[in-house]
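For reference, the structure discussed in these notes is given below.
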Ligand SMILES: C[S@@+](CC[C@H](N)C(=O)[O-])C[C@H]1O[C@@H](n2cnc3c(N)ncnc32)[C@H](O)[C@@H]1O
């Protein structure tokens, strides 16, 4: 298995939309739990992750936001509802874009927030047109995340900020790992990088890394919760996927839960 093309990624998100809604809710990203985790639901915890990432940024009135890989729009809607900003979100999945625009309208934000289909590998925006570029759990899908980061740097205005939530490759007891117990990693469908490599690519793109929070221990419960929920959705899931794919997906959730080398990072960088 190699990395699916952006087109295939978009198709997959749209064809499993109903299932994804029931599995993850409005946010298609990890949740964030405290230590001890308490009884936050997956929905509450995913909203907290959005807030944690936003907390790494200074959002100013009038800022113009680009959300790369916007899902059904929830993170950008939450940001725009909390701050006097404008924004545009992009996704490679057409159905997500339609829903995100409808959801922004329902939230009374249509004049400030819009969504469109675009491939992040080829951002259709002029240089220096955004104050904030936000990529929450989308870069791992990209054929080349460093290319997207260079694109993000291009469209940021001087003084603009980049916020990223992404998978992370961690050392276990100080020893480098390749996380090969996770079959998506072993097969090349998911590429993970260590924090130092991340920081050096941000610098190469002309950005100054400002914050990096390894939140792996706070996000890890996501996989166990998702596995539990997926099992409970077995009957509905089997209407969309075969029994074999169901078992493979479930075992992948468990692999993420069990592999300590797979982590999660929140990053912020600034364009000088
Ligand atoms: C895990 S979801 C995260 C969605 C959203 N950021 C959230 O937190 O709810 C990944 C998103 O990245 C988008 N995506 C993947 N590859 C893309 C590409 N090449 N260009 C634009 N969007 C892409 C998917 O369509 C999806 O919306």
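Quick look at the numbers
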| read-out | value |
| --- | --- |
| Residue match in segment 120-135 (condition: out of contact with any strand residue (DSSP E or B) (no Cβ under 9 Å at 6 or more places or on another chain) and within 16 Å of the ligand (Cβ to nearest atom)) | yes |
| Criterion: in contact (Cβ under 8 Å) with a residue 60 or more places away in the chain and buried (at least 23 other Cβ atoms within 10 Å of the Cβ) - qualifying residue of 73, 69, 10 | 69 |
| Yes/no for residue 190 being surrounded by fewer than 20 Cβ atoms within 10 Å (Cβ to Cβ), part of a helix (DSSP H, G or I) and in contact with a helix residue (DSSP H, G or I) (Cβ under 7 Å, 6 or more places away or on another chain) | no |
| Pair list, Cβ < 9 Å and 6+ apart or interchain, from segment 21-34 residues that are on the phi > 0 side of the Ramachandran plot to residues that are surrounded by fewer than 19 Cβ atoms within 10 Å (Cβ to Cβ) | 25/41; 25/43 |
| Segment 63-114: number of residues that are within 10 Å of the ligand (Cβ to nearest atom) and over 16 Å from the mean Cα position of the chain (by Cα) | 2 |
| Selection within segment 23-51 - within 12 Å of residue 219 (Cβ to Cβ), within 12 Å of the ligand (Cβ to nearest atom) and not in a loop (DSSP other than H, G, I, E, B) | 46, 49 |
| Lone unmet requirement of (1) away from the ligand (no atom under 14 Å from the Cβ); (2) in contact (Cβ under 8 Å) with a residue 12 or more places away in the chain for residue 189 | (1) |
| Filter result for the condition that a residue is out of contact with any helix residue (DSSP H, G or I) (no Cβ under 9 Å at 6 or more places or on another chain) and surrounded by 18 or more Cβ atoms within 10 Å (Cβ to Cβ), over 131, 173, 196 | 131 |
| Conditions (1) part of a loop (DSSP other than H, G, I, E, B); (2) crowded, with 17+ Cβ neighbours inside 10 Å; number of the one not met by residue 212 | (1) |
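A short reminder: the numbers here are calculations on the coordinates, not readings from a lab. What you see is a predicted model; the values in this text were computed from it and never measured. All Cβ positions, glycine included, derive from the backbone under ideal geometry; neighbour counts span all protein chains shown.
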